[in-house]
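Undergrad: Attaching a single structure in structure tokens format; questions to follow.
Please treat every number below as a calculation from the coordinates, not as lab data. Treat the numbers as computed from the prediction; the structure is a model and nothing was measured. Note that we place each Cβ from the backbone using ideal geometry, even for glycine, and neighbour counts take in every protein chain shown.
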Amino acid sequence: MNSQSNKVAIIGGGPAGLSAAIYTSRADLAPVLYAGSPPGGQLMLTSEVENYPGYPNILGPNLIDIFRKQAEKFDTKIIDENISSVDFTKNPFTLNYSDKTVTANSVIIATGAKALWLNLPSEQRLRGKGVSACATCDGFFFKDKVVAVVGGGDTAMEEAQTLTKFAKLVYIIHRRDSFRASQIMQARVKGNSVIKIIWNASIEEVLGKDKVEGLKIKNQKSEIRDLTIDGLFIAIGHKPDTGLFKDKIILDEKGYIVTSTFAAIRAARSKELDLDKFNFNYQTMTSIPGVFAAGDCVDHIYRQAGTASGMGIAAALDAERWIMENKSIS
Ligand SMILES: Cc1cc2nc3c(=O)[nH]c(=O)nc-3n(C[C@H](O)[C@H](O)[C@H](O)COP(=O)(O)OP(=O)(O)OC[C@H]3O[C@@H](n4cnc5c(N)ncnc54)[C@H](O)[C@@H]3O)c2cc1C
């Protein structure tokens, strides 16, 4: 290995990447973590986090700060830059950022995902103040309140169902006259008396100065009316940050990275994947030996800081073992 080469490079500075960094640095693998710009990931967009084990109440950015300090304590080198390209065709792998090139024997990808937003100025201003993209995370704050979910897919149906555990009334606002969600999810929503569907409507503005107080919604005839609500949940989809890895490792049709575990799950449902490309001794390994992936760039189901951290830890342990078992490459 030459002097600029690392044993482990981690791409992504959210909970998954930072958890992988804590474990690989404590395993003496001296990881370099490329945290992205801006660093920190999705938790930087939220205020209160009440469900990360060990922290009954902490601000998202503070939780990230604690993760970073813990990783740095064990000598992780953190660089707040975006990796712009990678070459996984031979080991050591090559990563580029700014005008620099670095190499690594093992790479852990933890580039996360982005929630899609409506991109209204009022929605952006009230993010974390009643506007959310995660019912599991923030539904608890709306006990006995009125909330609205925007969207028409399975995610929107699930978010609405989750919110009925807390809110007294849940509107689903959808711009068409039918949902694209699966029939079973639609049936559950339509059969739930706490949920009221507003068809053919779009959101023009989120109302409220310091917190959400209502919406201006427009119907098909372009008539605008106010709707009083306390919280707005945007459920129009997520996009994994994996463009960089297209044609370099196997991604699924939505761009999520396929690891051994997820390949096995998919294979159980359909026969479309070549399972010979996956090594089931390493559950977080991608289709390239030595390249692992964790967190929301892999997982489109759970999408929590805790599950992302857990996957980051698993990826770190897999990478550590893989390096041990493939000593000849370093
Ligand atoms: C509004 C909101 C509120 C939430 N609230 C909660 C909550 O209360 N509790 C909870 O458990 N979960 C919550 N979540 C979900 C949680 O934030 C995510 O599940 C978690 O952050 C996923 O972690 P991750 O490390 O996989 O990815 P991310 O947090 O998305 O981090 C990915 C990182 O990769 C970096 N990156 C991307 N591309 C590159 C590149 N090319 N080079 C270098 N770096 C790159 C990004 O900059 C980012 O730092 C919330 C999410 C949102 C959007």
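Undergrad: What are the ³J(HN,Hα) values, in whole Hz, obtained from phi via the Karplus relation 6.51 cos²θ - 1.76 cosθ + 1.60 with θ = phi - 60°, for each residue of the stretch 34-41 in sequence order, with x given for Gly and Pro?
TA: With coefficients 6.51, -1.76 and 1.60, one gets 8, 8, x, 9, x, x, x, x Hz.
Undergrad: For the chain, with the dipole built from +1 on Lys and Arg beta-carbon atoms and -1 on Asp and Glu ones, taken about the Cα centre, which of I22, S222, S202 lies farthest toward the positive end?
TA: Comparing the listed Cα positions along the dipole, S222 ranks first.
Undergrad: Okay, next question. For A201, list long-range residues whose amide hydrogen, built 1.01 Å from N in the peptide plane, is under 5 Å from its own amide hydrogen.
TA: Under 5 Å from the amide H of A201 lie the amide H atoms of H174, R175, R176, each far enough along the sequence or on another chain.
Undergrad: Cross-link partners among aspartates and glutamates for K327, C-alpha distance below 17 Å, same-chain residues fewer than 8 apart left out?
TA: Hits, sequence-local ones excluded: D28, D318.
Undergrad: Further question: Students often forget the sequence filter, so: which aspartates and glutamates lie under 16 Å Cα-Cα from K254 once same-chain residues fewer than 8 apart are removed?
TA: D154, D241, E272, D296, D299
Undergrad: Can I ask one more? So who's got an amide H within less than 5 Å of the one on G208, skipping anything under 5 residues away but keeping other chains? H placed 1.01 Å off N, in plane.
TA: E213
Undergrad: Oh, and also: Quick one: which residues, 5+ away or cross-chain, put their amide H under 5 Å from the amide H of A35? H built at 1.01 Å from N.
TA: Distant-sequence amide H within range of A35: G12, I79, D80, E81.
Undergrad: Between K216 and D177, what is the FRET efficiency for a Förster distance of 25 Å, r being their Cβ-Cβ separation, to the nearest 0.05?
TA: 0.75
Undergrad: Of A315, A294, A148, which has the largest mean-square fluctuation in a 10 Å C-alpha GNM of the chain?
TA: Among A315, A294, A148, the largest mean-square fluctuation in the Gaussian network model of the chain belongs to A148.
Undergrad: How are the Cα pair distances of the chain distributed, in percent, across 20 Å bins from 0?
TA: Reading the bins upward from 0: 31, 51, 18, 0.
Undergrad: Per-residue ellipticity at 222 nm for the chain, helices alone: DSSP H runs ≥ 4 residues times -39500 (n - 2.57), over residue total, nearest 500 deg cm²/dmol?
TA: Helix-only estimate at 222 nm: -7500 deg cm²/dmol.
Undergrad: Expressed in nm to one decimal, what extension gain is obtained for the pair K327 and S193 from 0.36 nm per residue of sequence separation less their Cα-Cα distance?
TA: 42.2 nm
Undergrad: Here is a further query. Which entries in K7/K246; K145/K216; K100/K277; K143/K190 show an alpha-carbon gap greater than 28 Å?
TA: K100/K277
Undergrad: Next up: What is the angle, in °, between the Cα long axis of helix 15-26 and the longest principal axis of the Cα atoms in the chain? Nearest 10 is fine, range 0 to 90.
TA: Orientation of helix 15-26: about 30 degrees from the principal axis.
Undergrad: What do you get for trypsin sites (Lys or Arg not before Pro) in the stretch 53-102 restricted to DSSP loop and a cutoff of at most 15 other Cβ within 10 Å of the site's Cβ?
TA: K90
Undergrad: Next up: At 7 Å along the Cα-to-beta-carbon direction for both K165 and F74, put a label point, then send me their distance in nm to one decimal.
TA: My value for the distance between the label points is 3.1 nm.
Undergrad: Multiplying the sequence separation of I184 and I66 by 0.36 nm and subtracting their Cα-Cα distance, what value in nm do you get?
TA: 38.3 nm
Undergrad: Can you list which of the GluC sites (Glu not before Pro) found in the stretch 255-330 are DSSP loop residues with at most 10 other C-beta atoms within 10 Å?
TA: E272
Undergrad: What does the C-alpha gyration tensor say about the overall shape of the stretch 10-129? Classify as rounded when a/c is under 1.5, otherwise prolate if a/b is larger than b/c, or oblate.
TA: oblate
Undergrad: For T136, put the label point 7 Å out on the Cα→Cβ axis and report which residues of the stretch 200-241 keep their amide N under 19 Å from it.
TA: Only 233-241 pass the distance filter.
Undergrad: State, as an integer percentage, the relative contact order of the stretch 179-253 based on alpha-carbon contacts under 8 Å between residues 6 or more apart.
TA: This gives 17 percent for the stretch 179-253.
Undergrad: Could I ask something else about it? Counting other C-beta atoms within 10 Å, and keeping those with at most 15, which DSSP coil GluC sites (Glu not before Pro) do you find in the stretch 191-252?
TA: E213, E223
Undergrad: Calculate, for Y55 and Q124, the FRET efficiency according to 1/(1 + (r/R0)^6) with r their C-beta to C-beta distance and R0 25 Å; round to the nearest 0.05.
TA: FRET efficiency, Y55 to Q124: 0.45.
Undergrad: How far, in degrees from 0 to 90, does helix 60-73 lean away from the longest principal axis of the Cα atoms of the chain, to the nearest 10?
TA: Taking Cα atoms only, the helix is inclined about 10 degrees.
Undergrad: Hey, what's the per residue convex hull volume over the C-alpha atoms of the stretch 117-234, in cubic angstrom?
TA: It comes to 89 Å³ per residue, whole-number rounded.
Undergrad: Where in the stretch 131-155 does the label zone of R225 land, with the point 7 angstrom along Cα→C-beta and an amide N cut-off under 18 Å?
TA: 146-150
Undergrad: With everything on Cα atoms, drop me the angle between helix 305-325 and the longest principal axis of the chain, reported from 0 to 90° to the nearest 10.
TA: Helix 305-325 sits at roughly 20 degrees to that axis.
Undergrad: May I pose another question? Under 19 Å Cα-Cα from K218, which lysines qualify once same-chain neighbours fewer than 8 residues away are excluded?
TA: K196
Undergrad: Would you work out the relative contact order for the chain, in percent, from Cα pairs under 8 angstrom that are 6 or more residues apart?
TA: About 20 percent, as a whole number.
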